[in-house]
1. Need one number: convex hull volume per residue for region 154-211, Cα atoms only, in Å³.
2. If each DSSP helix of 4+ residues adds -39,500 (n - 2.57) and the sum is divided by the residues in the chain, what number results at 222 nm, nearest 500 deg cm²/dmol?
3. Once you put a point 7 Å from the Cα of Phe161 and another 7 Å from the Cα of Ser14, both along the Cβ direction, what distance in nm separates them?
4. Given a 1.4 angstrom probe, what's the average accessible area per residue across region 1-85, in square angstrom?
5. Can you give the local net charge around Leu232? Use residues other than it whose beta-carbon is closer than 15 angstrom to its beta-carbon, Lys and Arg +1, Asp and Glu -1.
6. Under a plain spin-label model, where a point goes 7 Å from the Cα along Cα-to-Cβ, how far apart in nm are Ser181 and Asp124?
7. Quick one: accessible area per residue over region 117-232, 1.4 Å probe, rounded to a whole number of Å²?
8. Grab the alpha carbons of region 161-251, take their convex hull, and tell me the volume per residue in Å³.
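The values are calculated or read from the model by the stated rules, or taken from the named source; none is laboratory data. A quick note: this is a predicted structure, and the numbers were derived from the prediction, not measured. Virtual Cβ from ideal backbone geometry, glycine too; neighbours counted across all protein chains shown. For the accessible areas, the whole protein counts, side chains as well, though only heavy atoms, and no ligand, DNA or RNA atoms are used. Shrake-Rupley method; radii C 1.70, N 1.55, O 1.52, S 1.80 Å.
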Amino acid sequence: MKKLIAGNWKMNGSMENARALIANIINQLETDEDVLKKCDILVCPPFLHIPAVRHAIYGFPDLRFGAQDCSAYDNGAHTGDVSASMLRDSSCSYVIVGHSERRQYQQESNEMVAQKAAQVLKNDMTPIICVGETEDEREQGKAQEVVAAQLAGSIPDLESFQEIVVAYEPVWAIGTGKTASVDDVAEMHGFIREQLKELVPDADKVRILYGGSMKPENAGALLSTENVDGGLIGGASLSAEQFLAIARAAV
Ligand code: 13P
């Protein structure tokens, strides 16, 4: 399976920063085309920076871009929200849904995440559905139970194969510099693969990403672990050098 290296820029930077970052990524990819042949590269800027990124990568169709969230609804009276159809209209191909920061700060439930993922699919894009336990839950030995419930509740019903991506992001590893050990990642990703077999057709085709303090130094070991089909990268994706060093580690 081709690995997916996805950058989640979160709520960072100005328009000028976004333009500079994407230009830097493109410059580096132009001198190292092997990376794009061997893995899929995706950037997810803040909503307002999507048009600038779209403009910059015009003519570079292998470099994908997407959004960090979308509305659970089609359209209408949802002040401040952005619909999946608007994102499609802006040429997004992926949308992150159910990131732990949204589950935590915006009280997003599994049910809402499933509605958002269904909206993404309905608009011919791929949802990246995030799951992951907190430190307390891991210490109490509940990591698998929590992740199983999140998967069952957040993946919409699929009658036939449709591309979805699952991102396992242990909450305690996000932005902390702490990374799950390769053994823990292997165990959880294997568990997620088994759970997916109960939940979706063709579970073997679903890419399962790891996210949480992924850096060039640890990317090689994490990305060569069984059932790790890519990475969802926060902090390190704000540097073109670090982001592409992670992508090179994937190939
Ligand atoms: P960091 O890579 O900064 O830990 O963030 C991970 C993440 O939340 C990606 O969605």
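1. Spread over its residues, the Cα hull of region 154-211 gives 80 Å³ apiece.
2. Numbers: 11 runs with 108 residues, N = 251.
That comes out to -12500 deg cm²/dmol.
3. Result: 4.7 nm between the two label points.
4. Normalised by residue count, the accessible surface of region 1-85 is 52 Å².
5. Local net charge: +2.
6. 4.7 nm
7. 41 Å²
8. Convex hull volume per residue, Cα atoms: 92 Å³.
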